[in-house]
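Engineer: What follows is a single structure, and I will ask about it in a moment.
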Amino acid sequence: GQQVMQIPQYQHVQEGEDFTTYCNSSTTLSNIQWYKQRPGGHPVFLIQLVKSGEVKKQKRLTFQFGEAKKNSSLHITATQTTDVGTYFCAGQTSGGYQKVTFGIGTKLQVIP
Amino acid sequence: GAVVSQHPSWVICKSGTSVKIECRSLDFQATTMFWYRQFPKQSLMLMATSNEGSKATYEQGVEKDKFLINHASLTLSTLTVTSAHPEDSSFYICSAMTGGWSNTGELFFGEGSRLTVL
């Protein structure tokens with residue numbers, strides 16, 4: 001079945017440093033979504049990428065979707081303590097089933 | 001964004017009892033709802049996909065008779081953990097997807113329900 005691998009699993013950064021998490025799917029995706037889960041909370045939708053090679057920005061966050069639509073990355077510039085949480089990618093394949101497969105998540109810790 | 005409400009947030013039950021968790025879409029119609037299980041420090045594991053008016057589709061390894069899912073209306077799906085055992089203790093999260101022309105593929109998550117089976 002479809003697998004979505006995400007690395008790293010944990011990342012500690014000093015406040016102000018950059019952070020990147022990578023996602024790789026075993027199959028071609030119709031789209032990929034990114035979610036953020038704060039400690040004790042539930043996942044919150046950040047963005048969806050649909051087009052091959054797509055790049056989207058949200059303030060300090062940059063999201064990329066690979067040309068082959070099998071990998072994606074989330075980059076945070078100049079991290080802040082408010083960025084703390086676990087970032088999940090979720091790959092969705094085409095078809096009526098619309099199944100979404102989550103990566104294991106990257107837990108980000110920002111040291112002030 | 002759309003709001004999904006999940007109830008209860010916390011539940012403690014004795015081994016052998018059944019527990020029902022509700023997932024409601026408050027301001028939109030959800031033709032598809034998903035149920036996940038999340039173990040500590042792990043990812044969301046999809047348990048089943050629930051479509052309104054039809055039987056749920058379970059992922060491999062998930063016992064249908066143990067985790068009963070009912071999606072009786074476009075705004076409500078329920079997950080019942082039957083004859084719960086301590087190993088069923090976990091964080092259960094539902095998510096909903098809008099249907100029709102408004103479907104962006106985005107998932108809206110409930111707050112989650114933490115189940116502890118004694």
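Engineer: Buried accessible area between A and B (1.4 Å probe, both chains summed, ligands and nucleic acids excluded), in Å² to the nearest 100?
Structural biologist: 1600 Å²
Engineer: Between the range A:70-92 and the range B:8-59, what is the C-alpha centre distance in whole Å?
Structural biologist: 25 Å
Engineer: Right, another one. Going Cα to Cα from A:Lys57, which lysines come in below 27 Å? Please leave out same-chain ones fewer than 8 positions away.
Structural biologist: Straight-distance partners of A:Lys57: A:Lys36, A:Lys69, A:Lys70, A:Lys99, A:Lys107.
Engineer: Treating only the Cβ of Lys, Arg, Asp and Glu as charged (+1, +1, -1, -1), what charge dipole size does the protein assembly as shown show about its Cα centre? Round to the nearest 20 debye.
Structural biologist: 60 debye
Engineer: Using +1 on the beta carbon of Lys and Arg, -1 on that of Asp and Glu, and nothing else charged, what's the dipole of chain A about the Cα centre, debye to 20?
Structural biologist: That gives a dipole near 320 debye.
Engineer: Once you average over the residues of A:100-107, how many Cβ atoms of partner chains fall within 10 Å of each Cβ?
Structural biologist: Partner-chain Cβ atoms within 10 Å, mean over residues of A:100-107: 4.
Engineer: Follow-up question, since we're still on this one. Can you check how the C-alpha radius of gyration of the range B:1-89 compares to 2.2 N^0.38 Å, as a plain ratio?
Structural biologist: Rounded to two decimals, the normalised Rg is 1.08.
Engineer: Lone cysteines in chain B, defined as no other cysteine's Cβ under 4.7 Å from theirs: which are they?
Structural biologist: So, B:Cys13.
Engineer: Also, I was wondering about something else. Calculate one ³J(HN,Hα) per residue across the range B:57-63 by plugging θ = phi - 60° into the Karplus curve 6.51 cos²θ - 1.76 cosθ + 1.60, and present them in order as whole Hz with x for glycine and proline.
Structural biologist: 9, 9, 6, 4, x, 9, 6
Engineer: Which value, in debye to the nearest 20, describes the size of the charge dipole of the range B:1-80 about its Cα centre when Lys and Arg Cβ atoms bear +1, Asp and Glu Cβ atoms bear -1, and nothing else is charged?
Structural biologist: 260 debye
Engineer: Roughly how crowded by other chains is peptide A:36-49, in terms of the mean Cβ count from those chains within 10 Å of each of its Cβ atoms?
Structural biologist: Average neighbour count from other chains, rounded to a whole number: 4.
Engineer: Once the cut-off is 19 Å, how many percent of the Cα-Cα pairs in chain A end up in the long-distance tail?
Structural biologist: 40 percent
Engineer: In bins 10 Å wide, starting from 0, what share of all Cα pairs of the range A:2-68 does each bin hold, as a percent?
Structural biologist: That works out to 16, 49, 31, 4, in percent per bin.
Engineer: Per residue, what accessible area does the protein assembly as shown have, given a 1.4 Å probe and all protein chains present, in Å²?
Structural biologist: Each residue of the protein assembly as shown exposes 48 Å² on average to a 1.4 Å probe.
Engineer: Positive end of the charge dipole of chain B (Lys, Arg +1 and Asp, Glu -1 on Cβ, about the Cα centre): tell me which of B:Val3, B:His85, B:Ala56 has its Cα farthest that way.
Structural biologist: Selected residue: B:His85.
Engineer: Here is a further query. State the percentage of accessible surface on the protein assembly as shown attributable to carbon and sulfur atoms; use a 1.4 Å probe and exclude ligands, DNA and RNA.
Structural biologist: 53 percent
Engineer: I would also like to ask the following. Could you state how much accessible area B:Arg37 has, in square angstrom rounded to the nearest 10, with a 1.4 Å probe and all protein chains kept in place?
Structural biologist: It works out to around 30 Å².
Engineer: B:Lys14: which lysines have alpha carbons under 24 Å from its alpha carbon, excluding same-chain residues fewer than 8 sequence positions away?
Structural biologist: Result set, ordered by chain and number: B:Lys64, B:Lys66.
Engineer: Kindly report, to the nearest 10 Å², the accessible surface of B:Asp65 as traced by a 1.4 Å probe over protein heavy atoms only.
Structural biologist: Only protein atoms counted, so the area is about 130 Å².
Engineer: Another question, if that's okay. I need the phi-derived Karplus couplings for the range A:54-60: 6.51 cos²θ - 1.76 cosθ + 1.60, θ = phi - 60°, integer Hz, Gly and Pro marked x.
Structural biologist: Computed from phi, the couplings for the range A:54-60 are 5, 10, 10, 10, 10, 6, 8 Hz.
Engineer: Ordered by residue, what ³J(HN,Hα) values in Hz, to whole numbers, does the range B:67-74 give under the Karplus form 6.51 cos²θ - 1.76 cosθ + 1.60, where θ = phi - 60° and Gly and Pro are x?
Structural biologist: Coupling constants for the range B:67-74: 10, 7, 10, 10, 10, 6, 9, 6 Hz.
Engineer: Note down the Stokes-Einstein diffusion coefficient of the protein assembly as shown in µm²/s, whole number, using a Kirkwood radius over alpha carbon pairs, 25 °C, and 0.890 mPa s.
Structural biologist: D, rounded to a whole number, is 135 µm²/s.
The values are calculated or read from the model by the stated rules, or taken from the named source; none is laboratory data. Remember, it's a predicted structure, so these values are computed and weren't measured experimentally. Don't worry about glycine lacking a Cβ; one is built from the backbone with ideal geometry, like all the others, and counts go over all protein chains shown. Areas reflect the complete protein model, heavy atoms only, side chains present, ligands, DNA and RNA absent. Shrake-Rupley method; radii C 1.70, N 1.55, O 1.52, S 1.80 Å.
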